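Enquirer: I have a structure here, written as structure tokens, and I will follow up with some questions on it.
What follows is calculated from the coordinates using simple rules that are stated; it is not laboratory data. Keep in mind that this is a model prediction, so the values were computed, not measured. Heads up, the Cβs are rebuilt from the backbone with ideal geometry, glycines too, and the neighbour counts pull from every protein chain shown.
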Amino acid sequence: MDKLERLLNLTAALRNATQPLSAGELRARMAGAYSEDLAAFRRMFERDKADLRAIGVPIEVSTLYRLDPPVEGYRIPAGAYAGRDVRFDPDELAALHLATNLVRLEGGAGAGLARLGGAGAGDEGEIGSAGEAVEPVATVDELPFHEALSKLVAAAIGRRAVQLVYRDAERRIEPWRLSFHRGHWYLVGWDVGRGTERTYRVDRIDGPVTELGPADRPVGEGPDPRTVKPWEFGAGEPVDVRVLVDVDQAAWACHRAGVDGERRPDGSVVLTLRVRDPAALRTFVVEFLEHAEVLEPDWMRDEIVAWLEAQA
């Protein structure tokens, strides 16, 4: 888990807490986000708290007498963070505030966020709500923004199911995690209607995301977007497609597809690919020009041949 994702998760966990949480309780809730080594965890946690406070996130500290021995507890009080005249739900504003202070979102974030009641990234000389100077926070990178992100982050942390429209189909999803890879945000979760874990590109979500209620299925590992190929995304059922690649392109094709393939005596290779998006497979095949062809299924081969003939 990278730093941006960890800080988003930490913010949502503190914001959704019904009572202050100890560092140990936060570590347990965010399993996998921090090092298993206690000393390393404490260092990372202290840095994360400092980073959040530097961008104006009000982390409240209190003593947890319910624990023996008493320790410090942390939470983000809703009233102190939501601001005035907020048009988003507090959880949405919290995630949006954090993301827009740590990254540059498409189109610029500062002015738009200020209108929502959040603080922009600290400019030189800026004064915080308590009168203290706020140090500027360097942006990490430029990321695309999608209005569904904040609701999906809150749902993943709060273990809530959501309803949305993905590629013209209505879906009920229990979000597990969000990640950013090669220019796109990805949601990994459980597709309730289809009874399987799935990965979705957030920019392909149409319309609003609606929270439904508590999630039922335990959080799973799910596919890693960094290893999922473009043709493996899609709304349809997966189809195994066999693609023949000539010997002079065989090694590169295996590398691109992430599979070893079936070697033939002449050195060519047959790749068996699990395909949900035929258009993405077509893009992969045409990269190799006359050096690659779809062998089966016949209907997939016929579709690609018809497309190529239409381009001629």
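Enquirer: Please report the spacing between the Cα centers of segment 235-273 and segment 177-223 in Å, no decimals.
Expert: About 29 Å separates the Cα centre of segment 235-273 from the one of segment 177-223.
Enquirer: Now, a different point. Whose amide H sits under 5 Å from the amide H of residue 275, counting only residues 5 or more places off or on another chain, with H placed in the peptide plane?
Expert: For residue 275, whose amide H was placed from the backbone, the distant partners under 5 Å are 239, 240, 241.
Enquirer: Net charge around residue 280, counting only other residues with Cβ within less than 9 Å of its Cβ (Lys, Arg = +1; Asp, Glu = -1)?
Expert: Charge balance near residue 280 sits at +1.
Enquirer: Also, quick follow-up: List, in order, the whole-Hz ³J(HN,Hα) value for each residue of segment 6-18 obtained from phi through the Karplus relation with A = 6.51, B = -1.76, C = 1.60 and θ = phi - 60°; use x for Gly and Pro.
Expert: Coupling constants for segment 6-18: 5, 5, 4, 5, 5, 4, 5, 5, 5, 6, 8, 5, 7 Hz.
Enquirer: Continuing with the same structure: Can you return the lysines within cross-link range of residue 49? Criterion is Cα-Cα under 24 Å, with same-chain partners fewer than 8 residues away left out.
Expert: Residue 49 reaches 3, 151.
Enquirer: Assuming 0.36 nm per residue, please report the length gained on full extension of the stretch residue 65 to residue 168 beyond their Cα-Cα distance.
Expert: Full-extension gain reported as 31.9 nm.
Enquirer: Taking 25 Å as R0, compute the FRET efficiency from the Cβ-Cβ separation of residue 237 and residue 305 and round it to 0.05.
Expert: 0.65
Enquirer: Taking θ as phi - 60°, what are the ³J(HN,Hα) couplings along segment 286-295 by the Karplus curve (6.51, -1.76, 1.60), each to the nearest whole Hz, with x for Gly and Pro?
Expert: My calculation for segment 286-295 gives 5, 4, 9, 6, 7, 8, 9, 8, 7, 8 Hz in order.
Enquirer: Apply the Karplus parameterisation 6.51 cos²θ - 1.76 cosθ + 1.60, with θ equal to phi minus 60°, to every residue of segment 65-72 and state each ³J(HN,Hα) to the nearest whole Hz, in sequence, with x for glycine and proline.
Expert: Values per residue, Gly and Pro as x: 6, 6, 9, 10, x, x, 9, 6 Hz.
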